[in-house]
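To start, the structure under review is shown below, and the notes come after it.
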Amino acid sequence: MTGTEIPEDHPRYASLLTRHRIEAGVEKGITSKQGLIAQGRGEAFDYLLGERTLPSADDAARAAAATLLSAERPVFSVNGNVAALVPAETVELAEVVDADLEVNLFNRTEERMEAIATHLREHGASEVKGLTGDGEIPGLEHARGTVDADGIGAADVVVVPLEDGDRAEALAAAGKTEIVIDLNPGSRSPRTAAIPIIDNVLRAVPNVTAHARELADASPAERRAIVEEFDPDAALATAERAIREGSFAADEE
Ligand code: ATP
């Protein structure tokens with residue numbers, strides 16, 4: 001899985017693997033230097049959460065899968081950290097739920113857009129959106145709000161892992177149903193989301209895919225019930241409690 005020299009039984013294996021992938025992403029021109037800082041922030045929260053998927057995050061992943069399967073035009077937004085950490089897993093999820101992939105960068109440069117699109121194609125993507133940039137999210141300055149009109153511009157459901165708070169708010173204001181993957185339950189992006197998944201993208205993306213495979217034959221009513229039962233505020237509160245009281249406190253809820 002890695003191509004690195006990190007032994008799998010190392011106690012901090014996941015964290016070292018993540019660092020290695022992000023570093024390689026920067027070297028390949030996929031991840032920005034800002035992305036390194038975002039990674040450090042994420043790692044601290046993952047440590048506090050016990051570096052595992054909380055039961056409430058698993059519920060969120062299931063609700064996300066049900067939402068994606070029921071969507072008309074789902075889009076998975078890919079930034080430099082996501083491309084470096086989970087390229088093949090992202091392509092796989094998009095295939096399973098029939099979503100488009102769109103490169104969407106906070107610091108948009110043509111070089112990085114191209115590098116990420118190429119990287120995703122090397123990991124099996126047939127089509128990657130984002131390079132046309134003929135649409136915009138209202139309420140954001142041009143560089144931050146540029147999207148593809150037939151991608152995020154036309155989407156009803158958007159998966160936005162590690163998204164900046166302003167953009168997450170603008171997407172919600174534009175009427176998109178947002179699925180946010182972020183390790184910090186206090187960050188604005190998950191607080192804006194219809195479905196916040198407080199988990200590491202390394203675990204969350206394959207987990208949503210596994211739930212989507214399981215729910216592929218579920219009826220629309222069954223999927224709706226899963227989404228309705230999910231309570232985003234409770235999921236955020238559980239993750240916060242896990243951080244304050246130790247991650248295993250969340251198992252009791
Ligand atoms: P906001 O403006 O929403 O308050 P922020 O300024 O806290 O956001 P950024 O630094 O822009 O956020 O983005 C980094 C976010 O991504 C952090 O919330 C961090 O926890 C999260 N993050 C970093 N790495 C991962 C990862 N591997 N999996 C999930 N989330 C991650």
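Using the beta-carbon distance between Ala237 and Arg73 and R0 = 35 Å, what value does 1/(1 + (r/R0)^6) give for FRET efficiency, to the nearest 0.05? If you can, show how the numbers build up before the last one.
Numbers: r = 31 Å, r/R0 = 0.89.
Taking R0 as 35 Å, the efficiency between Ala237 and Arg73 is 0.65.
Rounded to the nearest 5, what is the percent of antiparallel bridges among the DSSP beta bridges in the chain?
Counting DSSP beta bridges with both partners in the chain, the antiparallel share is about 10 percent.
State, to one decimal in nm, how far the label point of Ser126 lies from the label point of Arg244, with both points 7 Å from Cα in the Cβ direction.
Label-label distance for Ser126 and Arg244, simple model: 4.9 nm.
For the residue pair Tyr47 and Glu222, what label-to-label distance in nm results when each label sits 7 Å from Cα along the Cα-to-beta-carbon direction?
Spacing of the two 7 Å Cα→Cβ label points: 4.2 nm.
Amide H of Val78 versus every other amide H placed in the peptide plane: which residues, excluding those fewer than 5 positions away on the same chain, fall under 5 Å?
Distant-sequence amide H within range of Val78: Glu102, Val103, Asn104.
Taking θ as phi - 60°, what are the ³J(HN,Hα) couplings along segment 53-69 by the Karplus curve (6.51, -1.76, 1.60), each to the nearest whole Hz, with x for Gly and Pro?
Couplings: 7, 5, x, 5, 6, 5, 4, 5, 5, 5, 5, 5, 4, 5, 5, 5, 5 Hz.
Return the whole-Å distance between the Cα centroid of segment 110-144 and the Cα centroid of segment 1-67.
Their Cα centres are 22 Å away from one another.
Share of Cα-Cα pairs in segment 103-253 beyond 25 Å, in percent?
On the way: 4171 of 11325 pairs.
Beyond 25 Å sits 37 percent of the P(r) for segment 103-253.
If every alpha-carbon in segment 119-202 counts as one equal scatterer, what log10 I(q)/I(0) does Debye give at q = 0.11, 0.21 1/Å?
Each listed q corresponds, in turn, to -0.31, -1.01.
Tell me which residues come under 5 Å, amide H to amide H, from His123 once H is placed; ignore anything under 5 positions away on its chain.
Under 5 Å from the amide H of His123 lies no amide H from a residue far enough along the sequence or on another chain.
If amide H atoms are built 1.01 Å from N in the plane of the peptide, which residues on other chains or at least 5 residues away come under 5 Å of the amide H of Arg73?
Placed amide hydrogens put Asp156, Val157 under 5 Å from Arg73.
Take the Cα gyration tensor of the chain, multiply each eigenvalue by 5, square-root it, and list the three semi-axes largest first, rounded to whole angstrom.
Whole-Å semi-axes of the equivalent ellipsoid: 25, 23, 18.
Roughly how big is segment 139-235's charge dipole about its Cα centre, with Cβ charges of +1 (Lys, Arg) and -1 (Asp, Glu), in debye to the nearest 20?
Roughly 120 debye for segment 139-235.
Quick one: putting +1 on the C-beta of Lys and Arg, -1 on the C-beta of Asp and Glu, what dipole do you get for the chain around its Cα centre, in Debye to the nearest 20?
Numbers: 24 positive and 47 negative charges, 112 e Å.
Roughly 540 debye, rounded to the nearest 20.
Laboratory data are not the source of any read-out in this text; all were calculated from the coordinates shown. What you see is a predicted model, and the numbers here were worked out from it, not measured in a lab. For neighbour counting, all protein chains shown are included, and Cβ atoms are generated from backbone atoms with ideal geometry for every residue, glycine included.
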